[in-house]
Amino acid sequence: MARIAGVSSSEGGLRLKLIYSFTRRGLAKLAGRQPTRPEQMLEPLEMFAHLPGLLNAYGKLEQANAKLDRLPQRITDLAQLKAATMTSCEYCIDLGSQVARQRSGLGDAELLALPRYRDSELFGEVEKLVLDYAVGISRTPVQVSDRLFAQLQEHFDEAQLVQFTFVVALENFRGRFNLALGIGSAGFSEGMVCAVPEATVGPAVAVAGGGRE
């Protein structure tokens, strides 16, 4: 449960109601299904609504992000999901797992292999470099070596590298924002396998929207 109450559509007026309605439809379309906890679906946005100017700016940032097309979708989804597991954001892992499954065709085995991607045959060498970069960006402090960046430059141009860096940094922002405010999963991956938070690497298996069994 979130640590503070968000701004409801009834409190924010017609414009906020339209923003919430548009976002609900967009997230459900992106995930390919409705979440099992729809009341938590918009919690991040409801927090931003406390500061209307910030809500507006953040909305434009997400719209711009959605239009980026320099990278293969699978690369983007892998990078974002790995970043989500690094922060252990339940909301991000829940939604990101379902989006990666729906949009890029990631299977259960690939989702569960992310913690040990370097030893997995499910990811190509370029994908492993991409995941290395997502891990390096997501560490505190950031740990991206010149060697790793040079290896990436062999496969991606400058615009692609900027996009790649941005989407991982944005995912870190989302995760840290959600975690600090106590925002949990909404159930986009409920009943299905989802990625494992980095902090729980071990015998646990992530299922049903971020839970473990």
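The values are calculated or read from the model by the stated rules, or taken from the named source; none is laboratory data. Because the structure is a prediction, the values reported are computed rather than measured. Ideal geometry is used to build each Cβ from the backbone, glycine not excepted, and the neighbour counts take in all protein chains shown. Note: areas computed on protein heavy atoms with side chains; ligands, DNA, RNA excluded. Shrake-Rupley method; radii C 1.70, N 1.55, O 1.52, S 1.80 Å.
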**Request:** Using just the helices of the chain, give the 222 nm mean residue ellipticity in deg cm²/dmol: DSSP H runs with n ≥ 4 each add -39,500 (n - 2.57), and the total is spread over all residues, rounded to 500.
**Result:** -18000 deg cm²/dmol
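Can you give the FRET efficiency for GLU62 and HIS155, using 1/(1 + (r/R0)^6), R0 = 30 Å, r = Cβ-Cβ distance, to the nearest 0.05?
Efficiency computed from Cβ-Cβ geometry: 0.65.
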**GNM result for the chain, Cα springs below 10 Å: residue of VAL130, VAL144, VAL162 fluctuating most strongly** = VAL162
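Can you give me the relative contact order of segment 37-111 as a percent, contacts being Cα pairs under 8 Å and 6 or more apart?
Taking the mean separation of contacting Cα pairs over the length of segment 37-111, I get 22 percent.
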**Item:** Cys with no candidate disulfide partner in the chain (beta-carbon separation under 4.7 Å rule)
**Value:** CYS194
**Message:** Cross-link candidates for LYS17: which lysines have Cα within less than 29 Å, leaving aside residues fewer than 8 places away along the same chain?
**Reply:** LYS29, LYS60, LYS67
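Test of the criteria: in segment 67-132, which GluC sites (Glu not before Pro) are in a DSSP loop and have at most 14 other Cβ atoms within 10 angstrom of their Cβ?
GLU121
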**Prompt:** What are the residues whose amide H is under 5 Å from the amide H of LEU106, where those residues sit 5 or more places off or on another chain and H is modelled from the backbone?
**Reply:** ARG101
**Asked** Projected onto the charge dipole of the chain (+1 at Lys/Arg Cβ, -1 at Asp/Glu Cβ, origin at the Cα centre), which of MET1, VAL99, LEU54 gives the Cα projection farthest towards the positive end?
**Response** LEU54
**Complete:** Distance in Å, no decimals, from the C-alpha centre of segment 20-99 to the one of segment 158-190 is 8
**Request:** Figure the gain on full extension for SER88 and GLU39 (residue separation times 0.36 nm, minus the Cα-Cα span) and round it to one decimal in nm.
**Result:** 15.5 nm
**Request:** Return a whole-number percent for the relative contact order of the chain, with Cα pairs under 8 Å and 6 or more residues apart as the contact set.
**Result:** 31
**Request:** Give me the lysines in straight-line cross-link reach of LYS128: C-alpha distance below 19 Å, same-chain residues under 8 apart excluded.
**Result:** LYS82
**Message:** Using a 1.4 Å probe on the protein heavy atoms, what percent of the accessible area of the chain belongs to carbon and sulfur?
**Reply:** 56
**Prompt:** Which value, in Å to one decimal place, does the Kirkwood hydrodynamic radius take for segment 1-75 when every pair of different Cα atoms is included?
**Reply:** 13.6
**Message:** Cut-off 10 angstrom, C-alpha nodes, Gaussian network model of the chain. Which of PRO52, PRO141, PRO72 fluctuates the most?
**Reply:** PRO141
**5 angstrom amide H check on VAL193, placed H, neighbours 5+ away** = ALA208
**Message:** Which of ILE19, ILE137, ILE183 ends up with the largest GNM mean-square fluctuation for the chain, with Cα atoms connected below 10 Å?
**Reply:** ILE19
**Neighbourhood charge, 15 Å Cβ-Cβ cut-off, centred on SER138 and excluding it, Lys, Arg +1 and Asp, Glu -1** = +1
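Could you work out how much longer the chain between MET1 and GLN73 gets when fully extended? Use 0.36 nm per residue separation minus the Cα distance between them, nm to one decimal.
Contour length minus the Cα-Cα distance gives 22.7 nm.
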**Message:** Semi-axes of the equivalent ellipsoid for segment 62-200, please: Cα gyration tensor eigenvalues, times 5, square-rooted, ordered largest first, whole Å.
**Reply:** 22, 17, 15
**Complete:** Result for segment 1-110: accessible area per residue, probe 1.4 angstrom, in square angstrom, of 53
